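Read-outs throughout are calculated quantities, based only on the coordinates presented, and are distinct from any laboratory measurement. None of these values were measured; they are calculated from a predicted model. For neighbour counting, all protein chains shown are included, and Cβ atoms are generated from backbone atoms with ideal geometry for every residue, glycine included.
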Amino acid sequence: MKPLVKGLAIAAVHVGLVASLGAKLLYDRANLPRAWVRAAPYDPNLPIRGRNVSLQLVVEPRGIRESKPGPGWQPPPSVILRVEAGRLLAEANPQERGYVPSDLHVEFIQRRNEKLAVLDKPVAFFIPEHVPDPSGGPAGEELWVEATIPKKSPPRPIRLGMKKSDGPIVPLELR
């Protein structure tokens, strides 16, 4: 086999791999549940992160209690995500097998005098370079993320939106 044919064969395999990943993500977006989820901006303090906004997704915990440090402290249980009435719920995994770092967990944080239950794994959303960072929005507005909710992995963000107090979520034009 000539080197050109070998190179073309390897290039075809690479294109097939990338195309299959893209097809899987498009299939998931069309068939998995999706929801608008309130986001808490999170700065992981990485010197090289490009134009990604890191976001912690706020969930409604069901059957999950905050564990306080001290004697009798328990690691947080792994959770299963599901969408109910347009809200993202996190329920304790009934098939808990001990603390597994790769599982999804809920942690409780304090933001602007409000206690929030957030997923422990932040999601990243790419922003074009000409668009200002929406994570530091004006007071009285909340950042929301429309996300696809897979069964076992963290949610996959689709688009961002802003919500004023009791108003509707307005998707941001980021193109």
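Computed values, structure above
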item	result
Sequence-distant lysines (8 or more away, or on other chains) whose Cα lies within less than 24 Å of LYS163	LYS115, LYS121
Which of ARG175, ARG29 has the fewest Cβ neighbours within 10 Å, and the rest in rising order	ARG175, ARG29
Amide H within-cut-off set for LEU172, under 5 Å, with H built and near neighbours excluded	LEU160, GLY161, MET162
In order through the range 133-149: 3J(HN,Hα) via Karplus (6.51 cos²θ - 1.76 cosθ + 1.60), integer Hz, x for Gly, Pro	5, x, 5, x, x, x, 4, x, 10, 10, 8, 10, 10, 8, 9, 7, 10
Cross-link partners of LYS152 among aspartates and glutamates (Cα-Cα below 13 Å; sequence separation of 8 or more within a chain)	ASP28, GLU91, ASP103
Calculated [θ] (222 nm, deg cm²/dmol) that DSSP helices of n ≥ 4 give over the chain, each run adding -39,500 (n - 2.57)	-6000 deg cm²/dmol
Vicinal HN-Hα couplings computed from phi for the range 83-98 (Karplus, 6.51 cos²θ - 1.76 cosθ + 1.60; Hz; Gly/Pro x)	9, 9, 6, x, 10, 8, 10, 10, 10, 4, 6, x, 9, 4, 10, x
Amide H contacts of VAL59 (H built 1.01 Å from N, under 5 Å, at least 5 apart or other chain)	ALA117, VAL118, LEU119
Base-10 log of normalised Debye intensity for the chain (one unit scatterer per alpha-carbon) at q = 0.10, 0.14, 0.20 Å⁻¹	-0.49, -0.86, -1.44
Share antiparallel - DSSP beta bridges, the chain, percent rounded to 5	90 percent
Helix 3-31 vs. the chain, principal-axis angle (Cα, 0 to 90°, nearest 10)	30 degrees
Size of charge dipole - the chain - debye, nearest 20, with Cβ of Lys, Arg +1 and Asp, Glu -1, no other charges	560 debye
